[in-house]
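Notes follow the structure.
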Amino acid sequence: MLVESQSPTVNILPSKRRRARPLFDPPIVKRAIWDSFVKLNPITMMKNPVMFVVEVGAALTTAYMIRDWRAGTTDLGFTFQITLWLWFTVLFANFAEAMAEGRGKAQADTLRKTKSDTIGHRLKNGDKIEDVAASRLRQGDVVICHPGDIIPGDGEVFEGIASVDESAITGESAPVIRESGGDRSAVTGGTKVLSDWIKIRITSNPGETFLDRMIALVEGAQRQKTPNEIALNIVIAGLTLIFLLAVVTLHPFARYSVNSAGAGQVPSIAVLISLLVCLIPTTIGGLLSAIGIAGMDRVMQHNVLAMSGKAVEAAGDVNTLLLDKTGTITLGNRQAVEFIPVDAISEADLADAAQLSSLADETPEGRSIVILAKEKYQLRGREVSEHEAKFIPFSAQTRMSGVDLDYRSVRKGATDAVIEFVREHGGAVPSRLTEITDHISRSGGTPLVVADGSKILGAIHLRDVVKGGMRERFDQLRAIGIRTIMITGDNPLTAAAIASEAGVDDFLAQATPKQKMDLIKKEQAGGRLVAMTGDGTNDAPALAQADVGVAMNTGTMAAKEAGNMVDLDSNPTKLIEVVAIGKQLLMTRGALTTFSIANDVAKYFAILPAMFSVTYPAIAALNVMRLHSPESAVLAAVIFNALIIIALIPLALRGVSYEPMSAAALLRRNIVVYGVGGIIAPFPGIWVIDRLLGWFRLA
Amino acid sequence: MTSNGLLQITVFFLLVLALTKPMGAFMTHIFEGKRTWLHPALRPLERLIYKLCGIQEDQEHRWTGYAASLLMFSLASLVLTYLIQRMQGFLPFNPQGFGTAHAAQGATAMTPDLAFNTAVSFTTNTNWQAYTPETTMSYLTQMVGLATHNFFSAAAGIAIAIALIRGFARHTTETIGNFWVDVVRATVYVLLPLSVVIALFFVSQGVIQNFASYTKATTLEGAVQTIAQGPVASQEAIKILGTNGGGFFNGNSAHPFENPTPISNFIQLLSIFIIPAGLTYTFGKMVKDTRQGWALFAAMSVLFVAGVLVAYPGEQSGNPILASLGIENHPTATQPGGNMEGKEVRSGIANSALFATVTTDASCGAVNSMHDSFTPLGGLVPLVNIELGEVVFGGVGAGLYGMLMFAILAVFIAGLMVGRTPEYLGKKIEQKEVKMVMLAVLVLAASILLFSGAGAVIQFAKNSWINPTGPATANLNNNGPHGLSEILYAYSSGTGNNGSALAGLSANTPWYNLTIGLAMLIGRFLMIIPLLAVAGSLAQKRIVPASAGTLPTHGALFVGLLVGVVVIVSALTFFPALTLGPVVEHFLMMRHQLFALLLIPVWS
C-alpha cells in the first residue's frame, strides 16, 4: 500500500489542494458567460422551478413593455430597467451554474487528451501480437505493455511486474508498482508503463472504463440531484408557490384598497413581478445546483473521485468512521523501541545479537532494529561477508529470521516459534521471558524474542508508531459527533494499547472481513451511517455495505467497483477530509436558504410602501429605508436581489467556512451570520442602490 | 397597562405552566394505555363503547387507515349534524319552535347553505357561527348536533396529535395507532371528566342550565325583552376545554349567562390552554425526552407573551382621536381608560385583550369582547395569531401538530447549517416529510389568500341567490382597510379552524357560507392528512442516536429558531394583505382617519 507520509494538519480541512484552480479562471469564465445564455432555454430552465418563475416573469414584463411601447406610453425607462434586471437575475443564476460546471469540464478536457489515440498490443493465441486501437479492445482481451506504452484500458495484471506512471489519473508523479496477483494487480487505462513489462487482461469495454467514468463524473454529465437537494428543491418550490399566492392575491387586495381610498392605482404587472422575484428564494434557487457541483468538484480537488453526489452528501452525515490501523492511524511499520534482556544477559549483548540477525533483513522492522542498535549502543553495521554467514529469511512457516555464522545460530521471531527453536537445541526457557513478552503485548507492542542457539537472550519491543496529529483529529471528529473505530488484525491487548494511544473511540481486534461486515451492519442497524476505506478484494463487500466506502486507487478493481468513492492518492486518512467536505456542502445549502428567506423582510419594506404610496400616503411610515421614490425603491430591491446572486457565487463554489465544532456552536454561528445577517444586510444594500439610482438619475 | 392587569396575565401564565406537567403526564398514561386513577370508574364505560361499536382495542392501523377512519367519522357526523339542523322543526327540545311555523318573528331560517356551513364548522372544531344561536337553534340541535361535535372534533384533534407523536416515538414500524381507540380515550378520560367538573363550577358561578322556553321580561322602561334560556353550562365547558368556541348565545363569552364572573372568565382562559399546553409535555414524555416538549412549550410561550404585550397596550392606549377630543384615555381609579368599545365592563381591558390573544393563540374562537372594535394593533394580534397557524398552544391537538409541522420545517432549513441532513428527534427529515409539510403550509396560505382575494373584489348582482346584498364587499360594515381586515379575518378564522369573527361581516349568505365552509374543510383535513402521512413515514424510520454533531432541538437556540420560522413564514405570506388591512389602518388612525360604519355604499 502506498502511504503518503504527509504530516496530517491539525485542522480537518487541509490547506493543500493539488488540483486547485483559481476560482475565476478566465477561460472558464468566458465559457460560462456563453453558457448562461444557452441555459435560457425554457426546457432546461424548467428543471429549476424558482428560476423558471423568474424567467417567465421576465418574459411577461418584456411582453408588457413592448405592448406599452407600441401604445406609446411615455414612462418606459422604469419598465425597461426592471425588465433588464429581471433578465440579469436569470442570467446570473445561469452563470453560477455554468461556472461550477465549467471547472469540471476543463478537467474533463485534460483527461480526454490522455484517452485519444492509444494503441494496444493485443496478444492473439498466446504470443502473436497485433496492434489495435484502444477503442476496439473488449473485455477479456489480453494485451502486453512495454516501457513507454500507454495502458490501453482498465485491466488486471496476470503476468509480470512494472512501474507505472499514473499521474494522468492521480496527478501524482511518483511511479507505482503493478504486479500480478495480490492487491496491486489493477491497472487503469491512460496510465503509462515506465519500466519492465506486464501482461494485462482487459476488464472493461470501451466507454465503460474508469477514465470514461471519471470524465463523465467531473463533467457532471451523469449528475443526478441528490436526495437532500430534491428535498430542498421542494421547500423552495413550495415557498415560491406561497409567494406567488401572496403576490397574485395582492392584486385584488390592491383593487379593493384603491377603490376604497379613491386614490392611486393598482400596481402594474412589472411592479408585481418585481415583488414576486424579490420574494421567491432566488438566491438559493439560483445557486443550488452550483453548490452541489462545486461540492463534487471540491472532493475532486482532494483527488477523490466520488461516484455520485449522494455519496458526498452521505459523507456529511457519517456517524462512524472505520479506519484501518496500519497505514491510517499508525505509520504502517512497527519499529523497534527497546531491547529487554533476560536474566544475566546484558542489554548490549542482546542488541548485538539482534543487530546481527537483522543485518540482512530488509523488512522495515529489521531495519528499525539495526537503527536502534546503532543509536543506543553505537553498534555499527559489520561487514558480515568476511564470515561464513548464512541468512535465514523470514517465512510464514518458521515465523523467524536470522543468521547462521561461526557456529552460531542467531534467531529472532515470534515468541512461540523461538521457544520451540531453543527447545530443539536443548535449551531452556527463562522464567522471566513470559513476563517480558506479556508486558510488551500489554503496552501495545509486539515482542520479538532473540535467541542464540540454545539460549534465549531477551526480547525486542516492536511498537506501532501512531502518526503525528492523529489524536487531535480524532478529538475534532468527536467534537462534531463522529466516532472512530480502529480496525486491526492485532490481538485485543495490542489493539487496546494503540487505540488508547491514538485516541480512537473503539477498536475491532483480530478483525476478519466477516467481523468487519458485521460491525458495519450493527452500526447501521443502530441508525448510524458508516464510512470506511479499503483496498483489498476482501474489503469489497464491506465497502459496498458501508454508506461511504472509499476505495484506494492502488487497490483491486473489485474494491474500486464496490466503493462509492475512489481516492486517487490512496491515502486512507483522507476519509476525514471527505467527511468535512460533505458537511460543508450541506451547510452551504442551509446557509444560503436561510439567507435567501431572511432577505425578504427588507424587500417587503422597500416595495410595499412604494406600491401604495399614493393610495395610502400614511404607509410611508413603513418606508424605513427612506428610499427616495417608489420607482427607485422597486428597482433597488430588484437590483439588490440580482446582485446578491453574483456576490454569493464565490461562497457557493467555495462553500461556507467550516471548523470542527459542536452542532450547537455551528448552528449559533450560522444563524447569526446567515439568518440575522440575512435580515439586516439588504437594508443598507437597497439603500445604497437607491442612492446610486438617484445620483445617476436612473429612477 | 396597569400593574393589576399585568399581574392577572402573569398569574394566568404561571398557572398554565404549573398545570402543564400534571396534565401532560396524565394524558401520556391515557394514550400509552396505562392505568390511571380514573380507570376504576371509567374503564367499564370505555369497554362498553368498544363493545357497542365493535372496536378492536389492540388493533393498530397504518397512517392511511388512521386517516380513513378520521375521514369516515367526520363525514358521518357532518351529515348527521346537517340533518338534525334541517329537521329540527320535527324534533323535540324545541320550545321556541325553530324550523316550524311557530317560530318567532326574526328567527333565522335554517337554509341548506347555513346548515352546511354550521355542520362543517362544528365537525372541523372551528365553531364559526354565521347565525345567532338563540334565534336559530333548538336545544336538541345545540346539544346533539353541536355539543357532541365539541367533544368529538376535539378528541379527533388530540388523536391526530398523538398519532404524530407516535411517528416520532416509534421506529421501524408501519402503524401509528387506532383512531377509534384514541378518540374514545380522549373523550372518556380527558374531555368528559374535565367538562363535568368545569360545567358544575360554571353553574356555581351563575351559568344557566335548563330546558325552559325563553323568558319574557318587561324592563323598567316598559319595553318587552326576551331573555334566552337553555342548557348552557354543559355546552360552555366543552366549548372552551375543546377549543371549540361556539357560543350558546350570540354574545358568546361576553354574555352574562355564559361567562358571568371574573372567576369564570379566568377558568375559561385556563381551560382553553390546559390541554394544548399539557400535550407539549405528553409529547416530550412519549418521545422519551421531556426537554423536547418544554422546548415547544417555550416557543409557544414566547409567541403568547409577545401577542399579549402587543394587544394589551394596543387596547389600553386607546384611540388617539378620542384623546385629542379631550376624552380621558388613561386608566384612573374609576374608569379603565383605553379602548372600551365592544368590551364588557366586568372583563375590562386586560382580560379582554388577554382573552382575544388566548382564544386566537389556541383555535378556540370564543370571545368575551368584540374583536371588530379593537384598535388596529389590538385587532392585528388575533388576526396574526390565526395566520401563524394557531400554533401558540393552539387547538387541542391541532396546536401541537401545527407546531411540529413548523418544527420539521425549521429543522430542515436550519438543520442543514450544522452540516448534516436534517434530523428531528433522531428521525431524518427527508423528501416525503418536507413535501407533506410544504403541502400543508401551502394549502393553508392558499385557502386564506385566494378566498380573501376573491371576497375583496367579486361582484354579484343585487338580490342574487348567492349573495343577495350584491358584491361580496357589500356585506361589510366598514370600508377602507378595516373592511379588508374583516374579509381577511373571516377566511383566516375559517381556514385556521378558529371560529372567532371580526364581525362587521354579514356572513349568512350562500357565498360566505359555502366559501367559508370550504375554507374550514381545507384548513382541517388538508392539514391533517399530510401530517398523518408524515407520521406514517416517520414511524417507519430508524432513530439515529444523538451525538455532538446532532442539531440540538431542546435549547434556547432552537426555541428562538422555531419562533423565527413560525413568524417569518407566516409574516412573509401575509405581510402584503396585513399591510393593506390593520397595518395601514393603524397608521391612518395615527393620522386621525377612521373607517366607521359604512353608511353610503362605495360600490354602486
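Compute the separation of the alpha-carbon centres of region A:183-233 and region A:530-609 and state it in Å as a whole number.
Going from one Cα centre to the other spans 18 Å.
Where nothing but the Cβ of Lys and Arg (+1) and of Asp and Glu (-1) is charged, how large is the charge dipole of region B:295-603 around its Cα centre, in debye to the nearest 20?
Its charge dipole is roughly 860 debye.
Based on alpha-carbon positions alone, could you give the equivalent ellipsoid semi-axes of region B:295-603 from the gyration tensor, as √(5λ), descending, whole Å?
Square roots of five times the eigenvalues give 37, 25, 15 Å.
On the accessible surface of region A:460-510, probed at 1.4 Å, how many percent belong to carbon and sulfur atoms?
For region A:460-510, the apolar C and S fraction of the accessible surface comes to 51 percent.
Round to a whole number: what % of the accessible area of region A:73-182 belongs to carbon and sulfur, probe 1.4 Å?
Answer for region A:73-182: carbon and sulfur cover 55 percent of the accessible area.
Name the residues of region A:500-527 whose accessible area falls by at least 40 Å² when all protein chains are present instead of the chain alone, probe 1.4 Å?
Going by heavy-atom accessible area, the residues of region A:500-527 that drop by at least 40 Å² are A:Gly527.
Charges only on Cβ, +1 for Lys and Arg, -1 for Asp and Glu: so what's the dipole of the protein assembly as shown about the Cα centre, in debye to the nearest 20?
The calculated dipole for the protein assembly as shown is roughly 1660 debye.
Compute the distance in nm between two label points, each set 7 Å from the Cα along the Cα-to-Cβ direction, one at B:His592 and one at B:Leu71.
It works out to 5.9 nm between the two label points.
Determine the distance separating the Cα centre of region B:141-209 from the Cα centre of region A:654-685; give it in Å without decimals.
Rounded to whole Å, the Cα centres lie 43 Å apart.
Between A:Arg697 and A:Ile371, what length comes free when the chain is fully extended (0.36 nm per residue of separation minus the Cα-Cα distance, one decimal in nm)?
In short, 109.3 nm is gained.
When DSSP assigns beta bridges and you keep just the ones with both residues in chain A, what percent turn out antiparallel, to the nearest 5?
75 percent
Counting heavy atoms of the protein chains only and a 1.4 Å probe, report the per residue accessible area for chain A as a whole number of Å².
40 Å²
Could you tell me the total accessible area buried at the B-A interface, probe 1.4 Å, in square angstrom to the nearest hundred?
5600 Å²
Report relative contact order for region B:20-148 in percent, whole number only (criteria: Cα-Cα under 8 Å, sequence separation at least 6).
23 percent
What's the FRET efficiency of A:Glu420 with A:Thr363 using the Cβ-Cβ distance as r and R₀ = 25 Å, to the nearest 0.05?
That pair, A:Glu420 with A:Thr363, gives E of 0.70.
Only protein chains counted, 1.4 angstrom probe. Which residues of region A:644-674 are at least 40 Å² less accessible in the assembly than when their chain is isolated?
A:Ala663, A:Leu667, A:Ile671
Can you give me the % of accessible surface on region B:295-603 that is carbon or sulfur? Probe 1.4 Å, all protein chains present, nothing else counted.
So the carbon and sulfur contribution to the accessible surface is 68 percent.
What 222 nm value per residue comes from the helices of chain A, counting each DSSP H run with n ≥ 4 as -39,500 (n - 2.57) and dividing by all residues, nearest 500 deg cm²/dmol?
Helix-only estimate at 222 nm: -16500 deg cm²/dmol.
Roughly how far apart, in whole Å, are the Cα centres of region B:389-451 and region B:62-103?
Spelled out, the Cα-based centre of one part sits 33 Å from the other.
Which ³J(HN,Hα) values in Hz, rounded to whole numbers, follow from the phi angles of region B:165-171 under the Karplus curve 6.51 cos²θ - 1.76 cosθ + 1.60, where θ = phi - 60° and Gly and Pro get x?
In residue order, the calculated couplings are 4, 4, x, 6, 6, 8, 8 Hz.
Roughly what would the spin-label model give for B:Gln335 and A:Glu208, points 7 Å off Cα along C-beta, in nm?
Output for this residue pair reads 9.2 nm.
Plugging the Kirkwood radius over Cα pairs into Stokes-Einstein for the protein assembly as shown, at a temperature of 4 °C and a viscosity of 1.567 mPa s, what D comes out in µm²/s?
This corresponds to a translational diffusion coefficient of 36 µm²/s.
Ignoring everything except DSSP H segments at least 4 long, calculate the 222 nm mean residue ellipticity for chain B; use -39,500 (n - 2.57) per segment, divide by total residues, nearest 500.
-19000 deg cm²/dmol
Could you tell me what fraction of 2.2 N^0.38 Å the Cα radius of gyration of chain A comes to, as a two-decimal ratio?
1.27
If the cut-off is 22 Å between C-alpha atoms, which lysines fall inside it for B:Lys435, apart from same-chain ones fewer than 8 positions away?
Excluding near neighbours in sequence, the set is A:Lys47, A:Lys225, A:Lys310, B:Lys427, B:Lys541.
Report the calculated FRET efficiency for A:Tyr407 and A:Ser346 (r = Cβ-Cβ distance, R0 = 35 Å), to the nearest 0.05.
0.95
Using θ = phi - 60° and the Karplus curve 6.51 cos²θ - 1.76 cosθ + 1.60, what whole-Hz ³J(HN,Hα) does each residue of region A:534-546 get, with Gly and Pro shown as x?
For region A:534-546, the Karplus curve yields x, 9, x, 4, 6, 7, 4, x, 5, 4, 6, 6, 5 Hz.
Between A:Gly120, B:Ile84, B:Ser271, whose Cα lies farthest towards the positive end of the dipole of the protein assembly as shown when Lys and Arg beta carbons carry +1 and Asp and Glu beta carbons carry -1, centred on the Cα centre?
Towards the positive end, the residue furthest out is B:Ile84.
Please state the relative contact order of region A:287-391 as a whole percent: Cα pairs under 8 Å, 6+ residues apart?
16 percent
What residues of region B:509-556 lose no less than 40 Å² of accessible area with every protein chain in place versus their chain by itself (probe 1.4 Å, heavy atoms only)?
B:Arg542, B:Pro545, B:Ala548
Under 17 Å from a point placed 7 Å out from the Cα of B:Leu17 along the Cα-to-Cβ direction: which residues of region B:387-412 have their backbone N that close?
Residues B:393 fall inside that zone.
Of the DSSP beta bridges with both residues in the protein assembly as shown, give the percent that are antiparallel, rounding to the nearest 5.
Expressed as a percentage, antiparallel bridges in the protein assembly as shown total about 80.
Would you work out the relative contact order for chain A, in percent, from Cα pairs under 8 angstrom that are 6 or more residues apart?
16 percent
Can you find, among B:Thr553, B:Val183, A:Ala96, the residue farthest towards the positive end of the dipole of the protein assembly as shown? Put +1 on the C-beta of Lys and Arg, -1 on that of Asp and Glu.
B:Val183
Simple spin-label model, 7 Å along Cα-to-Cβ: A:Arg255 to B:Leu6 in nm?
Here the answer is 4.8 nm between the modelled labels.
About the Cα centre, and with charges only on the beta carbon of Lys, Arg (+1) and Asp, Glu (-1), how big is the dipole of chain A? Nearest 20 debye, please.
In total the dipole reaches around 2600 debye.
Out of residues 5 or more away from A:Thr484 or on other chains, whose amide H comes under 5 Å of its own, with H placed 1.01 Å from N in the peptide plane?
Under 5 Å from the amide H of A:Thr484: A:Leu321, A:Asp505, A:Asp506.
Can you give the accessible area per residue of region B:295-603, in Å², using a 1.4 Å probe?
About 28 Å² of surface per residue is accessible.
Along the positive direction of the dipole of the protein assembly as shown (beta-carbon charges: Lys, Arg +1; Asp, Glu -1; about the Cα centre), which of B:Leu404, B:Gln292, B:Met137 reaches farthest?
Projecting each Cα onto the dipole axis, the largest value belongs to B:Met137.
Give me, ordered by chain and number, the residues 5 or more places off A:Gly190 or on other chains with an amide H under 5 Å from its own placed amide H.
A:Ile151, A:Gly153
Which whole-Hz couplings ³J(HN,Hα) result when phi for each residue of region A:434-443 is put into the Karplus expression 6.51 cos²θ - 1.76 cosθ + 1.60, θ = phi - 60°, listed in order with x for Gly and Pro?
Per-residue couplings from phi come out as 4, 4, 5, 5, 4, 4, 5, 4, 4, 7 Hz.
The values are calculated or read from the model by the stated rules, or taken from the named source; none is laboratory data. Since this is a predicted model, take the numbers as computed values, not measurements. Cβ coordinates were reconstructed from backbone atoms using ideal geometry, including for glycine residues, and neighbour counts include every protein chain displayed. For accessibility, only protein heavy atoms count, side chains too; no ligands or nucleic acids. Shrake-Rupley method; radii C 1.70, N 1.55, O 1.52, S 1.80 Å.
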